[in-house]
Amino acid sequence: MAVGFCETSMMLQLIEQPSPEQMFHEQYAFYSSTSQHMQRHFSEFARQVLEMGVLSKENPFVVELGCNDGIMLRNFANVGIRHLGIEPSRNVAEVANSYGVRTISEFFCHQLAIDIVSKEGKADAFLAANVMCHIPSIVDVASGISKLLKPTGVAIFEDPYLGDVVEKTSYDQIYDEHVFLFSAHSIQHLFRQQGMELVDVQAQKTHGGSMRYVIAHAGAYPVKDSVNRLLEKEKSIGLNRVATFRKFSQQVEQSRTELIQLLTGIKAEGKRIAGYGATSKSTTILNYCGIGTDLIDYISDTTPIKQGKFSPGMHIPIKPYDFFMASPPDYAILFAWNHAEEIMAKERAFIEKGGRWIVHVPEVRVLE
Ligand code: JHZ
């Protein structure tokens, strides 16, 4: 796995990626609703969309790309708003349908947008969260969005933000599914090609630092100051220059050295280390740092479909949460660091029994 940066599109992206069909299928392992915090985040997201005043009074229509188990669209379905979820991973799409979220299992593209418009009309809002950065054919998707939206419609999506990744050296956001890491610069460039404009940006705390982008047909809405402020900030930290990412790669190497030293030292004292959260992100950490069962005994995860399996590449066993409770390690490395607040709140007993947390973002350390 390797990344490249283009100074024209200002996009940081994977050079190669598995095909979407290899990643998004009927055994997709990530269910968005496993986090209580994310459930609250998406009901708040939906509330904000409802209050923005962009939905038509008559028969509004909201489309969400990659709706997963319906964590966001549920909030529209519950108040009787016409909606459509588009989710290629069939198992999670079935869960969404079971919650009354009308979902089709397809990959979104320009042609699908045309088909939806011909059957259901144009949409008032197009939503996506942690989805757009997964799609290699992003230009085709942007073109589909421009076809799908009404003249007054808006696209609102959020993804892990490149600025946070660079600032926190959270290189674990780079993995097979994350073909892009977006910035305001790259999003503005992408949508201008479709006659659309970035009109607002809102920083989010989720997933270790995300950005919500609001896009509309050019001229439909004024561009908010937030956009220019963020573009200026990105220039000042160099998110539009390749030199920034050369420096970033050195920070990533340094982080790897420190993590291996820390884990090796702990292990040499005869202590047990387990991973907490078999995240996609941890796949990058484990493989890039070469961390296997010599250092980490097992990884605890609450997702049933992951349990009894092994981490990709390094083959560390994934155990159910009960196992962590029954056999707590001396140290737990927080692979789901983006859920730290939620996890720390429920794991007080682990600390009280002498357990300690290891984190690797924004710096490698044992938490005091
Ligand atoms: P989490 C996935 O990435 C994949 P991951 C995807 N590509 C993406 O973009 C983001 O999500 C949105 C478990 N867990 O959210 C559940 C516990 O065991 O960091 C999950 O397997 N106990 C779509 O995998 C994992 O950790 C807990 O208390 O990097 C968290 O995965 C909690 C809160 C989670 O995303």
Out of Lys353, Lys306, sole residue that is within 26 Å of Arg90 (Cα to Cα) and among the basic types (Lys, Arg): Lys306
If you check Leu162 against the conditions, is it within 26 Å of Ala340 (Cα to Cα), assigned by TED's automatic domain parsing to the domain that holds Gly66 and surrounded by 23 or more Cβ atoms within 10 Å (Cβ to Cβ)? yes
Which numbered condition Met1 fails, given (1) modelled with pLDDT of 95 or more; (2) within 16 Å of the ligand (Cβ to nearest atom); (3) closer than 30 Å to Lys247 by Cβ: (1)
Out of the residues in the stretch 218-236 that are among the small types (Gly, Ala, Ser) and over 24 Å from the mean Cα position of the chain (by Cα), state the one that is nearest to Ile145 (Cα to Cα). Ala218
Return yes when Phe108 is part of a strand (DSSP E or B), within 16 Å of the ligand (Cβ to nearest atom), surrounded by 18 or more Cβ atoms within 10 Å (Cβ to Cβ) and at pLDDT 95 or above and no when it is not. no
Looking only at the stretch 121-137, and only at residues there that are surrounded by fewer than 20 Cβ atoms within 10 Å (Cβ to Cβ) and of a type outside the set (Gly, Ala, Ser), the one that is nearest to the ligand (Cβ to nearest atom): Pro136
Could you pull out the residue among Val95, Val117 that is surrounded by fewer than 22 Cβ atoms within 10 Å (Cβ to Cβ) and within 16 Å of the ligand (Cβ to nearest atom)? Val95
Matching helices (runs of 4 or more DSSP H) fully within the stretch 10-87 where at least 3 residues are surrounded by 15 or more Cβ atoms within 10 Å (Cβ to Cβ): 36-51, 74-77
Being in contact with a helix residue (DSSP H, G or I) (Cβ under 8 Å, 6 or more places away or on another chain) and part of a helix (DSSP H, G or I) is the filter; apply it to the stretch 252-282 and report the residue that is farthest from the ligand (Cβ to nearest atom). Ile260
Leading residue by the ranking (nearest to the ligand (Cβ to nearest atom)) among those in the stretch 329-354 that are crowded, with 18+ Cβ neighbours inside 10 Å and more than 23 Å from Asp164 (Cβ to Cβ): Glu347
Restricting to the stretch 310-328, give me the number of residues that are within 12 Å of the ligand (Cβ to nearest atom) and touching a residue at least 12 places away in the same chain (Cβ under 8 Å). 8
Find the strands (runs of 3 or more DSSP E) located wholly in the stretch 131-240 whose residues include 3 or more that are of a type in the set (D, E, K, R) and in contact (Cβ under 8 Å) with a residue 40 or more places away in the chain, and list them. 149-160
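The values are calculated or read from the model by the stated rules, or taken from the named source; none is laboratory data. Source: prediction; values computed, not measured. Positions of Cβ are backbone-derived with ideal geometry, glycine not excepted, and every protein chain shown enters the neighbour counts.
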